[in-house]
Amino acid sequence: MPTIKCPGCGQEIKFFLIENAYEGPLKCASCKGLFKVSIEGEELKAWQPMTEEELKAGQEIEALKAKFRRTPRSD
C-alpha cells in the first residue's frame, strides 16, 4: 500500500487510490492536520493547509453538484 509523509508532522499516511491521481482534502490521524493535497501515483506533488470551514464548504458544494446531477429534467 502506498504511503506519503504528512506535511505537518512527517508521520507516514497509507492510502489507496482507485485512480492514478487525487486532489482534495487529507487529514492526518497522528497530528489531526487538515491539508488540501495533490497526489500523483505514489508521490505528494503539492499541499496547503486547510481549515475545517474550508472542508465543510467544499463538501457542501460537492453535495449540491451531486444533487443537481441526479435531478431529472422536466421539459
Exercise for review: Would you tally the residues in the range 1-15 being in contact (Cβ under 8 Å) with a residue 24 or more places away in the chain, of a type outside the set (V, I, T) and part of a strand (DSSP E or B)?
Suggested key: 1
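Would you say E62 is surrounded by fewer than 10 Cβ atoms within 10 Å (Cβ to Cβ), within 14 Å of the chain's Cα centre (by Cα) and of a type in the set (D, E)? Quick ask: steps written out before the conclusion?
Details: surrounded by fewer than 10 Cβ atoms within 10 Å (Cβ to Cβ): no; within 14 Å of the chain's Cα centre (by Cα): yes; of a type in the set (D, E): yes.
When the stated conditions are applied, E62 does not pass them.
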Practice item. Please go through the range 1-40 and pick out each residue that is over 11 Å from the mean Cα position of the chain (by Cα) and among the β-branched types (V, I, T). Key: T3, I4, I13, I18
Exercise for review: Identify all residues within the range 1-21 that are under 13 Å from W47 (Cα atoms) and surrounded by 14 or more Cβ atoms within 10 Å (Cβ to Cβ); write none if there are none.
Suggested key: I4, C6, P7, G8
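Each reported figure results from applying straightforward, stated rules to the coordinates on display, with no laboratory input. All figures in this text were calculated on a predicted structure; none of them were measured in a lab. Don't worry about glycine lacking a Cβ; one is built from the backbone with ideal geometry, like all the others, and counts go over all protein chains shown.
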